[in-house]
Structures are given as structure tokens and as C-alpha cells.
1. Can you tell me which residue in region 78-116 is farthest from residue 33 (Cα to Cα), limited to those that are at pLDDT below 90 and outside any helix (DSSP H, G or I)?
2. Only residues that are modelled with pLDDT of 85 or more and under 29 Å from residue 67 (Cβ atoms): list them for region 1-32, please.
3. Going by the conditions given, is residue 40 outside any loop (DSSP other than H, G, I, E, B) and more than 18 Å from the chain's Cα centre (by Cα)?
4. Mind checking whether some residue in region 22-31 is without any contact (Cβ under 8 Å) to a residue 40 or more places away in the chain, farther than 30 Å from residue 154 by Cα and not in a loop (DSSP other than H, G, I, E, B)?
5. Need pairs with beta-carbon distance below 7 Å; first residue at positive phi and within region 251-280, second surrounded by fewer than 21 Cβ atoms within 10 Å (Cβ to Cβ) and in a loop (DSSP other than H, G, I, E, B); sequence gap 6+ or separate chains.
6. Only one residue in 171, 179 is at positive phi and at pLDDT below 95. Which one?
7. Scan region 112-134 for residues that are surrounded by fewer than 19 Cβ atoms within 10 Å (Cβ to Cβ), more than 21 Å from residue 200 (Cα to Cα) and either in contact with a strand residue (DSSP E or B) (Cβ under 8 Å, 6 or more places away or on another chain) or in contact (Cβ under 8 Å) with a residue 24 or more places away in the chain (or both) and jot them down.
8. Find the residue count for region 43-74, including only residues that are more than 25 Å from the chain's Cα centre (by Cα), part of a strand (DSSP E or B) and buried (at least 19 other Cβ atoms within 10 Å of the Cβ).
């Protein structure tokens, strides 16, 4: 009898030059494993395994559940392989590093550098107090560096959200899981099934896919920043289009964060894509200006000591 569709490869399974340790993540289209290479170094391996389309066969092979699913599976595998090839060309500290991709078990695998830390989603959930603005600015200034590089390679991420941002132990972010990514210049870009996360997806991802662009990822970044301060995403964009009940962050979080940051989030969450910042650099420039202004207003250590001594006299 065939195994369950989502059954992962077992501990100790030999996959090309890697040994599977355990499953560490995955969703409806793939599974992610912790594995070790021939030198004993940890790597993350992503397996193309679309739920509802395939099942696990003997010896770990992946096969469509019936002939009607064959074409969808093959086309998705082609996109997955091209995703790996595109990401392998990106070398940036804030973008997941793809070190290898190969075919095995009748499917495709993507090997990535293993990062230690936790997702931004876990960070948000674990907070007892509001997220510090200094931390938020630092994370997104660095993340936008990586996203600029992604856009420079004609790729849109299309699924930026807290669970797709990994925070390393040193606090630096890594943009992960390009499962919804498409090369913006591909002619068949708009024939694929839409992949998006309600709350973080821009309005044009629902029914105006010919209007996708850098501003689409910018909406998702804005929704992610909103989730950092509100501990939850804004309402889905399709609901906002019908009746927008989202209170501007500049009002709902006034006094908790700087006006400039809240206004930027509101601008990024505009339903009309032409009213949002049109480039990642434009967003990053505003964040950097806020950080510089905050540093210039912060009293120096000498001033603090001088003030304390004057109070004691």
C-alpha cells in the first residue's frame, strides 16, 4: 500500500550525498528536512511534494495519485526546479542561500544553507511587550537589502510574511521560502495557480495578476511590519477592497511608535498599487532616515553622565 501523501522521508534516509535527519518544516507544496552532507555539515533540504497531487511510493519515490494529476505535478516540478536555479544565482546575506538542487525519487530537491535561529512569527508570538522600534527598523532595513537583490534578478517573492523571515541568533534576518516566487519576465508567469497568504497578499494577487510588480512585495512587507506591531496581519486585501475596516496604523498605534514608521506602514498597505512606494529602495530610504534621526536625538553618554552629576549637586 502507498504511504500517505505528506509522509516525510525517514531519519537516516540516504538522498544523493546527504543523510536525512528529520523534518523541520514545509507546507502544502513541499517538505523541509534537516540533513547532513558528506562532511557532516548541516543543510536544509526542500522536497517538492504537492499535497493532494502525489503520494509516497516505494523506497521514497514520489508519484502522482492518478493520471489526471500528472501534468500539474510535472509543471509544478519544472517551476520548483527553476526556482532553485534562479535562487542559486543570488548571493546575499539576507536571502536564503541555495547550494545545490537536483532530481531524485522522481521529484526535485533544493539544498539550502542551514540557519540557526527562529522565524519572525515565533519572535512575534513570544513577545510580552510591544516590539522595539529599533529592532523592527534594523530587521527590515537588512531584509530590504536582500529583497532589492531578489528584484534585481527579476524575481518577485510573492509570499513575504513573518513565517518566511528567519531571524538568526545575531538578530539579522533571512528571507526564505520562495515557493510562490516567479521570474517577472517569464511569459507563462500568469498561467500558474495563484499562491498567496490572506492578510499578507496584495489586492492584485487575487484577480489582477497582470499588475504584479515590486509594489506587490512591498505590500507584503508592510503587512509583515503591521503584524510586528499588532501581533496579527491586517484583514485580507479582498475583504478590504469590498469594505475597508482597517484603521490606519498612524491612529491605532499612535504614541507606541514614531509617526514616520506608522505612516510608512500605512503607505505600504495602500490598496491601489500606484499609491504605494514603487521600489524597495524608496521604503528602505525612509527607514534609514528614521534610524538616523533617532540616533541624532539620542543623548550621548557624556551628556547623560553630566546630567546625572548635575542632579546630585
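1. Selected residue: 89.
2. Once the filter is applied, which keeps residues that are modelled with pLDDT of 85 or more and under 29 Å from residue 67 (Cβ atoms), region 1-32 yields 7, 8, 9, 10, 13, 15, 16, 23, 30, 31, 32.
3. no
4. Within region 22-31, one or more residues are without any contact (Cβ under 8 Å) to a residue 40 or more places away in the chain, farther than 30 Å from residue 154 by Cα and not in a loop (DSSP other than H, G, I, E, B).
5. That search, which allows pairs on different chains as well, returns nothing.
6. 171
7. The answer is 113, 114, 115, 116, 117, 134.
8. Here the count works out to 4.
The values are calculated or read from the model by the stated rules, or taken from the named source; none is laboratory data. Because the structure is a prediction, the values reported are computed rather than measured. Reconstructed Cβ throughout: ideal geometry from the backbone, glycine too, with neighbour counts over all protein chains shown.
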